[in-house]
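Any read-out appearing in this document is the output of simple, stated calculations on the displayed coordinates, not a laboratory observation. No experiment lies behind these values; they were computed from the predicted model shown. So basically every Cβ, Gly included, is an ideal-geometry build from the backbone, and we count neighbours across all protein chains shown.
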């Protein structure tokens, strides 16, 4: 298989480490550059990155010299961006202008009209915006983004419901893992045996991103979906995996069993295309009443499936259903999201 | 002040320990009997109770001989019951029949028609059912119950909203502390760094208890309140304090500021009567966006206040508001609930 | 490769689940029986075992009917025992008498004179006792045991020091993971944000097992090693991996660098024989001053390596060294220990 | 009682907050200045201090304007210093030179020859160095310091043993709470379900401070005690309370019962003088084999007692004993330590 040359932007941070780790065993992408801030540039990856993820740093990356995030010096077909939003706003455009395809986990460009915000199982057709983007921006590269981790998790569970029954309202209360805040992230005295009922900007992101993802391509932009999405975001002392209690109001009435069937049988384009990182079942439905649980279920489908449990009637909403959904925030919600987007780009001929 | 003789039923369990501890410094109640199962009876309290609460066992209880839960041998004006539901179903009636006032934290009798289910700030007028109860049951004693810990917490926050604006719908997602399950309770491997999205019978209790508490006395029983209450209950790795993300639909529109004012200014009958355990402010409204938090706020008002934060619009519901509320499950939601009910009984002349 | 038929005794418990999981992908052993208590017998494994380990129950075991732990009905060359000590005392002998090789993680027979207590990298020559055992007991089967999880971890680190410099004294303070107590094990209110400075019988086991493991075969029994081993065992809120702060007094003086070299270069018989579960490096030496850590390092070598860090002088002891060692308690200290013993049995012709 | 005017230096940090909280209800000290870095100066305490301790900020401090740590503008008899070491090195001398008594929790001056490093129950006679200090430095103020939190805890337990039997060697393995690192301190991903076997500079501090504290006044300086102190410091996921597994070698043999009696009966000068913050029993000996525990025992004696458990023979050391000791790191090991030192200064006429 032809290998694409891949740069990792923001390679020293936690999501960047996870991307590097996943790419180190990826059949399509070959890491040719590990890029980070000026402070890290020039040092070996081993020295520059305080390695915080559980698996070991891949041996062959240890002595790679970290480069600055500059398109000039980097030889890449694709750049995976795990940059902070402010840096991403500048750097990603520079790479796209230099002809590089950018698959970004950063929030900087997500809401721009000609930038696709994609979950491959949910709205792969939004990639069509790339042609608009290239024409308008006058570049040969591209920028594609994945949503915030909290959004990815319930959006995957909501997609089969939306397809089969239509969705009017989503009320989601999240219980988010500490890794979602990066490293060093949350102070341990705010975390151990505690819950913090607030995550900066998170509820706003969830609301606006969901409307775009479920929207439809209307000419040169996305027409937002009409569903109202209301989020209450909490940080809980788990290490990995966002748990979300979701109440939805559907357009058409559906019983719990019908809903579970729709979720269980759901397959998206990545499954049809057999993309490398696509899980066999994007949505796993569990019948035990005390599942899903972060410590036991977060790695299903290699961290790329979401697990749904406790599907039942929601009496407080019209045509209401409620359930719990769990997904890996660092894989399905970040590193794996950007990589699956890149695999879809490759399959669709954008690389 | 005249002191009432008090028995603690189920004194060796975690809630029983907390009741004993609170009564050990109470001006109105004097512990005359520590009662528990046959297995514990005859042993000293020190030996019988594996003491698991943070403060020390009161020195004067250590060598008290634990008695069986039998009304015959116990000399008491009031009995505080922290029994498991099955035992409570038998024992509490026996005590009431023997002329003892029973203030129960157990679920056994909560939903019986002539048994008041009371939060003193919310529905003190329900104590009027005691006359019905005495007549029907033919006893001189009485049984009064307090709700499940999860219900108490959001019900206190909802009361001022209900009074001022009316409540149509409540959707509550709880993040409940481990102490809510007693001791030994939840296995540590289910708890540490984990969330369990299920608590046996809890969602059902919340729904049915809330309707009764907010109901109105209609002749010899309570007419349930019409609001729909929908709960999703989760266990999170905190030690004390149930956090609850609440979305409400009101009868009349109310902005966040109006709602906060109503909560902040709310005072109930216990405050007016100056009951010993009544907090000055039953509902404390916090303005910091990352509060309330279990480790920092659960002991406000001696554990008898609930703390509300993040009051804001709920776009997904008609006349919608959402907020987070925190309350001590072992104090406001259990031991202190039973004691405040007893103080109200005394103030109203039922003792 | 010839496959041996394997029974798992105590298959529904946490260590039994882990053994079943490891055997489900093992090239030499084929699970032919999942055995447990009478209560579980006759039910499917899926129903009988509350599955608590992180990976999924292997699909092909789900509908296997759990059998009683009776040698009569079980067709096996080898039985892996994860039984509680009391049951193990009876059942393991029955299997051995029936001609089955028993590799046991239970403590029941560890200290019996003719039963080898083996860590394959440390004292493989103790397997010679099996001939004595067979003769004395008059059976064709055998019982071999692995030590307690706490012992395995520091014994592996101490072995290269013992070989190179001699060991006089070991003082070990453990910080043990919750999974070491099985399921349900430790109550969450004893665990979350807490330390318990006591584990029933653990310090005694550590002392006596270590003397036997490092002892030498003297005729028909093991002559205990003379080193004094003193343990202080603590339970801390980690999920997996026992951390141990170790101070040793050596026979010959050795600097930290020499000690690290000895540990790093250490290879035992399993490495030489290339046993399936043998890690390439039994002892991994880490140079970062804040490692090893349970969440990041416990799975090195597939959970079969131990990680040593912070090797430095111990001024308080003659020829003193101190270090921290981490090992997986459920793998290297339990399930993997029993399996590696079985692989050694096979390689040595005892199966 | 005459009230001394008190400044808190470093009032916005976690230890500073705790000092302010303790002084807010102290009969001898009246807070006249809350001082912090330039960044905080000029803002109200409410705005400048992100309040992280569990009790509420005292109402009367909320609108106090934070001042710079400058002796010129501050009117105080005594300054409590919770400054970082680098700032303390400059500021504390400035205050002493301006005639203020400084009771410091900072490490900056602890090891200076003419600066007492005092635990009032252990070495109150070291305050005599103040006369030397004043003469040499030519100031009317003074600097007195308390040790590092880890040292305080085991030193209190070791004092009665040292008095009665003599101490030759101390090997201590600590399991330290997260609050010991201040706020934000340890990253939650390093803390939750993890142990970190390293705390910067801690083991060195423990060794050198212990020798000074147990030393004797020899003319104008302290002659270090000869005992060898060896520490292994670990961070564990507890919120408050350092647990320490201690092995000691005594000069004279002592059984566990004798040792417990010596600890239980121990009273120091603060107890004899009846100092306000002095606990009735500096060392509480617990008989239950699973105590002390951080969540249940850390607040004994108002957080000023240490709790000792599991006293037993240490076979690995000559005349050996081992035990576990727990103490509050933020109270007995920091804020309360500085306040008790100040109370002793007042009682001894140094204020």
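Semi-axes of chain A's equivalent ellipsoid from the Cα gyration tensor, sqrt of 5 times each eigenvalue, largest first, rounded to whole Å?
Semi-axes, largest first: 32, 23, 18 Å.
Using a label point 7 Å beyond Cα on the Cα-Cβ vector, give me the inter-copy distances for residue D:313 in nanometres, one decimal, shortest first.
Distances to the matching label points in the other copies: 3.2, 7.0, 7.6 nm.
Taking the Cα centroid of region B:112-135 and of region D:159-193, what is the distance between the two, rounded to the nearest whole Å?
Measuring centre to centre over Cα atoms gives 53 Å.
Give me a single rounded figure for C:222-232: the average over its residues of other chain Cβ atoms within 10 Å of their Cβ.
Details: counts 0, 0, 0, 0, 0, 1, 5, 2, 10, 3, 10.
Across C:222-232, the average partner-chain Cβ count within 10 Å equals 3.
Over region C:149-328, what is the mean sequence separation of C-alpha contacts under 8 Å (at least six apart), divided by residue count, expressed as relative contact order in percent?
Relative contact order here is 27 percent.
Under a point spin-label approximation (7 Å from Cα along Cα-to-Cβ), what is the residue D:89-residue A:313 distance to one decimal in nm?
7.1
Which three semi-axes in whole Å describe the equivalent ellipsoid of region C:149-328, each the square root of 5 times a Cα gyration tensor eigenvalue, listed largest first?
25, 19, 18
In a GNM of chain C with a 10 Å cut-off on Cα contacts, which of C:235, C:39, C:261 has the highest mean-square fluctuation?
The residue that fluctuates most here is C:39.
Calculate how many DSSP beta bridges within region A:149-328 are antiparallel, expressed in % of all such bridges and rounded to the nearest 5.
70
So in the protein assembly as shown, what percent of DSSP beta bridges are antiparallel if you round to the nearest 5?
Rounded to the nearest five, the antiparallel share is 45 percent.
Looking at the protein assembly as shown, what % of the alpha carbon pairs are farther apart than 55 Å?
26
Report the label-to-label distance for residue D:289 and residue C:24 in nanometres (one decimal), using points 7 Å from each Cα along the Cα→Cβ vector.
Going by the 7 Å Cα→Cβ label model, 3.7 nm.
For helix C:149-165, report the angle its Cα long axis makes with the longest principal axis of the Cα atoms of chain C; keep it between 0 and 90° and round to the nearest 10°.
50
Closest beta-carbon to the D-to-A rotation axis: which chain D residue owns it, and what is the separation in whole Å?
D:188, 2
Rounded to the nearest 5, what is the percent of antiparallel bridges among the DSSP beta bridges in chain B?
Details: 26 of 58 bridges.
Antiparallel: roughly 45 percent of the beta bridges in chain B.
Cα axis of helix C:14-23 to longest principal axis of chain C: angle in degrees, 0 to 90, nearest 10?
Around 80 degrees separate the two axes.
Treat each spin label as a single point 7 Å out from the Cα along the C-beta direction, and report the residue B:3 to residue A:216 distance in nm.
7.7
Placing a label point 7 Å from Cα toward Cβ, how far apart in nm is residue B:200 from its equivalents in the other copies, listed shortest first to one decimal?
The projected label point of residue B:200 is separated from its counterparts by 2.2, 4.4, 4.9 nm.
So what is the 222 nm mean residue ellipticity for chain A from helices alone, if each DSSP H run of at least 4 adds -39500 (n - 2.57) and you divide by all residues, rounding to the nearest 500 deg cm²/dmol? Could the numbers behind the result be given before it?
On the way: 11 runs with 100 residues, N = 351.
For chain A, the value works out to -8000 deg cm²/dmol.
Apply the Kirkwood formula to region D:1-152: the hydrodynamic radius equals the inverse of the mean of 1/r over all pairs of different alpha-carbon atoms; give it in Å with one decimal. Intermediate results must be reported in sequence, preceding the final value.
Values: mean 1/r = 0.0643 Å⁻¹.
When all Cα pairs of region D:1-152 are included, the Kirkwood radius is 15.6 Å.
When the Kirkwood hydrodynamic radius is evaluated over all pairs of different C-alpha atoms of region D:199-261, what value in angstrom, to one decimal, is obtained?
Taking every pair of different Cα atoms in region D:199-261, averaging 1/r and inverting gives 14.4 Å.
State, to one decimal in nm and shortest first, how far the label point of residue D:287 sits from each corresponding label point in the other identical copies (label point: 7 angstrom along Cα-to-Cβ).
5.4, 5.4, 5.5
Using only Cα atoms, find the angle between the long axis of helix D:202-213 and the longest principal axis of chain D, and express it within 0 to 90 degrees, rounded to the nearest 10.
90
Can you give the FRET efficiency to the nearest 0.05 for residue D:62 and residue B:264, using r as the Cβ-Cβ distance and R₀ = 22 Å?
Taking R0 as 22 Å, the efficiency between residue D:62 and residue B:264 is 0.80.
Averaged over its residues, how many other protein chain Cβ atoms are within 10 Å of peptide C:313-324's Cβ atoms?
The shielding value for this peptide is 4.
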